Number of protein chains: 2
Amino acid sequence: MKFAPLLSALCLFSLCAAPTVAEEQKPAPAPNGLEIPEGFENWAVISISHRLDRESMRVILGNDIAVKAARSGQTSPWPDGAIIAKVAWTETSEEDWPAAVVPGKLLNAEFMFKDSKKFAANGTGWGWARWKGPDRTPYGKDASFEKECIECHAAVRHRDWAFTQAATFR
Amino acid sequence: MKFAPLLSALCLFSLCAAPTVAEEQKPAPAPNGLEIPEGFENWAVISISHRLDRESMRVILGNDIAVKAARSGQTSPWPDGAIIAKVAWTETSEEDWPAAVVPGKLLNAEFMFKDSKKFAANGTGWGWARWKGPDRTPYGKDASFEKECIECHAAVRHRDWAFTQAATFR
């Protein structure tokens, strides 16, 4: 029993150190300093997509400014303050309805932050960031990772760099 | 100029009669009396799906009770008060990225309302309802339309009648 105090102390330490939802650490910022928006999982839907070329499924969410702009067609350009989130998963089949393709493993959460002044230097007026997988690891070794995002989105430069067009709810 | 007062009166009448977002009529209730939940377009996402057998895309949203239950895996059974919304669109291709399948025309908005007492009589504990297209026309001639919903969902009777499993955000 002489180890009891030590064991108690260890147990107490473990309890204190155990992460809880409330204490959960915020993911590290992206290499360009952008931070993952808190609570984006609860943002409203702008649209969805199924990338047949990547075998992945996506939901595109927006903060209030982005959703309002998208649903009213005010996206040429998108207003400053808009944030668009694209969450991607591997594709899989619904276990009881195999013809339905549904999200599998979480791949990443990508964000576009519109601020025409703050992000004028990269030529787009948007800040770009991506976090990988359930651990939400920031993507990119240094701030030059933005070039990858911008090169791909150059296909929609004429639509203020955003692929997503709002799905209609009525 | 003698028509001016009449014209003014007509203009005023037109302005009053013109529908605005605030005045927009609520859709008619479903034949079983259920009403379309106001503001469901802004509910958080539970999951998405692409029905290859129906060439349609869907987003599955939930009210707060449903989202909390789905994301914490408390869906055996789903709690009373949960409402699940499934919005379906035809599939189309993203105009600047053809390999991406995206929502086209709005098909319908379908709902499941969980109340184990109120909806015990139909054998599921859920109330069922569907509104069609942008005009949000209630589906079904009389309350027996619920049978169609239930027959299809019988495949997931063992999962409290709901196909959707929560997509993971972390």
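What residue, among those in region A:19-68 that are more than 9 Å from chain B (Cβ to nearest Cβ) and in a strand (DSSP E or B), is surrounded by the fewest Cβ atoms within 10 Å (Cβ to Cβ)? Ranking the candidates gives A:SER56 first.
Kindly check whether there is at least one residue in region A:137-148 that is out of contact with any Pro (no Cβ under 7 Å at 6 or more places or on another chain) and of a type in the set (A, V, I, L, M). No - not one qualifying residue is present in region A:137-148. Of the candidates B:SER47, B:SER72, B:SER56, the single residue that is touching an Asp or Glu at 6+ places or on another chain (Cβ under 8 Å) and not hydrophobic (A, V, I, L, M, F, W, C) is B:SER56.
Looking only at region B:73-83, decide whether some residue is farther than 16 Å from B:LYS132 by Cα, modelled with pLDDT of 80 or more and assigned to a strand (DSSP E or B). Working first, answer last.
Taking region B:73-83 as the starting set, the residues that turn out to be farther than 16 Å from B:LYS132 by Cα are B:73-83.
From the residues that got through so far, the ones that are modelled with pLDDT of 80 or more too are B:73-83.
Now restrict to residues that are assigned to a strand (DSSP E or B): B:83.
Taking every residue of region B:73-83 in turn, at least one turns out to be farther than 16 Å from B:LYS132 by Cα, modelled with pLDDT of 80 or more and assigned to a strand (DSSP E or B).
Within region B:83-92, the set of residues being of a type in the set (S, T, N, Q) and either within 8 Å of the chain's Cα centre (by Cα) or exposed (fewer than 14 other Cβ atoms within 10 Å of the Cβ) (or both) comprises B:THR90 only. Within region A:150-170, residues that are within 8 Å of chain B (Cβ to nearest Cβ) reach partners that are assigned to a helix (DSSP H, G or I) and acidic (Asp, Glu) with beta carbons closer than 6 Å, at six or more positions or on different chains, in the pairs A:PHE169/B:GLU41.
From the list A:ALA100, A:ALA120, exactly one residue is more than 15 Å from the chain's Cα centre (by Cα) and facing chain B (nearest Cβ under 9 Å). Which is it? Answer to the selection: A:ALA100.
Within region A:123-144, the set of residues being farther than 15 Å from A:LYS86 by Cα, in contact with a strand residue (DSSP E or B) (Cβ under 8 Å, 6 or more places away or on another chain) and outside any strand (DSSP E or B) comprises A:GLY125, A:GLY140.
Can you confirm whether A:LYS105 is more than 11 Å from every other protein chain (Cβ to nearest Cβ), farther than 22 Å from B:GLU95 by Cβ, basic (Lys, Arg) and out of contact with any helix residue (DSSP H, G or I) (no Cβ under 9 Å at 6 or more places or on another chain)? Here the answer is no, as A:LYS105 does not meet what is asked.
The values are calculated or read from the model by the stated rules, or taken from the named source; none is laboratory data. Here the structure is a predicted model, which means the values were calculated and not measured. All Cβ positions, even for glycine, are placed from backbone atoms using ideal geometry, and neighbour counts span all protein chains on display.
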